[in-house]
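To start, the structure under review is shown below, and the notes come after it.
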Amino acid sequence: MLTEPPGWAEYADVVVVGSGIAGLTTALEARKAGRVLLVTKTRLSAGSTAWAQGGIAAALGPEDSPEQHLRDTLLAGGGLCDEDAVRMLVTEGPSRVRELAALGTEFERADDGTIALTREGGHRRDRIAHAGGDATGREISRALIEALRAVQEDPGIEVIEHALVTDVLTDAAGRACGVTLHVIGEGRIDGVGAALGRAVVLATGGFGQVYASTTNPAVSTGDGLAVALRAGAQIVDVEFVQFHPTVLWLGRTAKGQQPLISEAVRGEGAHLRDVEGRRFMLDRHELAELAPRDVVAKGVVTAMAETGADHVWLDARHLGGEFLAERFPTIVARCRSFGIDPATDLVPVAPAQHYASGGVRTDQRGRTTVPGLYACGEVSWTGVHGANRLASNSLLEGLVWGHRIAIDLAESLVDVPGPEPVERDGESGLLDAEALPFIQSAMTAGAGVLRSAWSLGTLRARLDQLGRERSSTVPTPGAWEATNVHTVAATLERHATLREETRGGHWREDFPVRDDDRWRGHLVSTVDPDGVVETKFQPMRETQ
């Protein structure tokens, strides 16, 4: 355990950690299973969902079908998707999106009143529903939060904001029965406490802050993945990290969350050019700028290397200022704040960490390998994304699996006893908060878009050194976050070192081709009783 004994406790039937689309959906639906306690790291509206610009994918158009959405998802996933899970996603997705609209999400509408659809990379049909031009995530988050606040009048739902989860609590049988958390001074309760329940749902988002530059918000420090690993859950395929190819390049010294230029801009016809003006994606893929994200990110990196530049150009000038301002108001305003007008200027872009395709292993109902512990959204691995997530499938996954978890909770909690946590043996060390930027720099250099045995070996040595030299005995939120980031970084490095091939979001310079004979399968990490991480390869035939 990484936390001192809790000084207070709150009780519920279901504890949901996270307030993005996955957490909010689960909390709203799980009310049918009993009393719900929703815990979020800062404010309800501060999760990754609110930053999602492009939209949510679903086969809503008359010329589209779930089968076509399935094919595009499998193709983008590089041979590692769980086809049954993808089929659930694309089959249930349209109904879930329509329910979002009925809940109050104001999607853009076509002239006939139906939900307007556009296209993004890897999709061969227009199937991206969007809102507010380029503010889809923010609008979905708003609608879900308003619905949650409406039902908060029911005493069966409680919200604790500004709460950092530090560990999963388990009972004598190894069943998850709550979490320990630190409620920062801005919250309702100060200090370390416990949120206890008969089931725990992790919906904590991704781990973008493991890298020096990311599109993720500051709260995305991999907390859910780290606490799940410490609790004994299986972690799958974290080496597959999606780097978004078009993030606004603000110079070599820019760190932290960087402005995203949505793939939807390319979906509307914007081009990528190298610094010499050449449209380099035309020769790399039949879909050019709308190829899957791993293909485009690699194309951008290759173009940068060939020209010796640290960025490429996104050219949207031919789309016109009026169209850009109406379709992408947030992006245009953000670019103009840095003195760049997409209507008249070439926009400098470069890849940055964007999405984790791997995570905490779940089944088709969101159950992890630890009884009573569920996961959904970016923190989870459902098998949907494979080696590379298809654009705008992430919001849909959180939505679909949030509903699936709620259904399972309503069916399974009837005979589950009340929470009785016991102390769990394991790692108790913390890292000093000041270790965080050193971990981020090491990860960016060693396990970024390009990887090799040399870069990963250097990364491993640096992470080991930081673990020895930056230990702390002061349990602060910064120390917990640095420790979680280090845990995720070390696990990702193990996976990236073992996978000697290039596939999806994992690019090994020393193993530049996909190798289905050796590597068509999943890398799975768990913690043994002594706190040591073990990683094994499971071929696809053993996991389907």
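When the dipole is taken about the Cα centre of segment 417-544, and only Lys, Arg (+1) and Asp, Glu (-1) are charged at their Cβ, what size is it in debye, to the nearest 20?
Charge dipole of segment 417-544: 520 debye, to the nearest 20.
What is the dipole size for the chain, taken about its Cα centre, with +1 at each Lys and Arg Cβ and -1 at each Asp and Glu Cβ, in debye to the nearest 20?
Here the chain has a charge dipole of around 520 debye.
For Ala453 and Arg71, what does the FRET efficiency come to when R0 = 30 Å and r is the distance between their Cβ atoms, rounded to the nearest 0.05?
According to the calculation, E is roughly 0.30.
From the residues Ile56, Phe328, Leu346, which one has its Cα farthest along the dipole of the chain in the positive direction, the dipole being from +1 and -1 charges on Cβ of Lys/Arg and Asp/Glu about the Cα centre?
Farthest along the dipole direction, towards plus: Leu346.
Run a plain Debye calculation on segment 325-435 (Cα atoms as equal point scatterers, no solvent) and give log10 I(q)/I(0) at q = 0.09 Å⁻¹, rounded to two decimals, same order as the q list.
-0.47
Inverting the mean 1/r over all pairs of different Cα atoms, compute the Kirkwood radius of segment 64-156 and quote it in Å.
Hydrodynamic radius (Kirkwood, Cα pairs) of segment 64-156 is 14.9 Å.
Within a Cβ distance under 13 Å of Asp171, other residues only, what is the Lys/Arg minus Asp/Glu net charge?
For residues surrounding Asp171, the net value is +1.
Please give the length that would be gained between Asp415 and Thr344 if that part of the chain were fully extended, namely 0.36 nm times their separation in residues minus their C-alpha to C-alpha distance (nm, one decimal).
Contour length minus the Cα-Cα distance gives 19.2 nm.
Starting from the coordinates of the alpha-carbon atoms of segment 430-535, obtain the Kirkwood hydrodynamic radius over all distinct pairs and give the value in Å to one decimal.
Here the Kirkwood hydrodynamic radius works out to 14.6 Å.
In the chain, what is the count of Lys pairs whose alpha carbons are under 30 Å apart, counting only pairs at least 8 residues apart or on separate chains?
Summing the qualifying lysine pairs gives 4.
Could you work out the percent of alpha carbon pairs in segment 309-379 separated by over 16 Å, rounded to a whole number?
The answer is 63 percent, as a whole percent.
Need one number: % antiparallel among DSSP beta bridges in the chain, to the nearest 5.
Around 65 percent of the beta bridges assigned by DSSP in the chain are antiparallel ones.
In nm, to one decimal, how far is the modelled label at Arg278 from the one at Asp510, with both set 7 Å along Cα→Cβ?
Label at Arg278, label at Asp510, 3.0 nm between them.
Give me the tail of P(r) for segment 95-135 as a percent: Cα-Cα pairs with distance above 11 Å.
Everything past 11 Å amounts to 67 percent.
Let me check I have the definition right: for segment 136-272, take the eigenvalues of the Cα gyration tensor, multiply each by 5, take square roots. What are those semi-axes in whole Å, largest first?
Value: 33, 21, 15 Å, ordered largest first.
What's the ranking of 15-27, 221-233, 323-335, 457-469 by average number of surrounding C-beta atoms within 10 Å, highest first?
Final packing ranking: 15-27, 221-233, 323-335, 457-469.
Give me the Å³ per residue figure for the convex hull around the C-alpha atoms of the chain.
Taking the convex hull of the Cα positions in the chain, it is 140 Å³ per residue.
Once Rh for segment 245-351 is found with the Kirkwood sum over Cα pairs, what is the Stokes-Einstein diffusion coefficient at 25 °C and 0.890 mPa s, in µm²/s?
Estimated via Stokes-Einstein, D reaches 178 µm²/s.
Apply the Kirkwood formula to segment 207-256: the hydrodynamic radius equals the inverse of the mean of 1/r over all pairs of different alpha-carbon atoms; give it in Å with one decimal.
Radius from the Kirkwood sum: 12.6 Å.
Quick one: which of 438-445, 395-402 comes out on top by average Cβ neighbours within 10 Å, and what's the full order, highest first?
Highest to lowest by the protection proxy: 395-402, 438-445.
Compute the signed sum of charges (Lys and Arg +1, Asp and Glu -1) over the other residues within less than 13 Å, Cβ to Cβ, of Arg367.
+1
When the chain is fully extended, how far beyond the present Cα-Cα distance does Thr476 get from Val533, taking 0.36 nm per residue of separation?
18.1 nm
Every number in this text was worked out from the coordinates using simple rules, so none of it is lab data. Since the model is a prediction, treat every value here as computed from it, not as a measurement. Glycine gets a Cβ as well: all are built from the backbone with ideal geometry, and neighbour counts include every protein chain shown.
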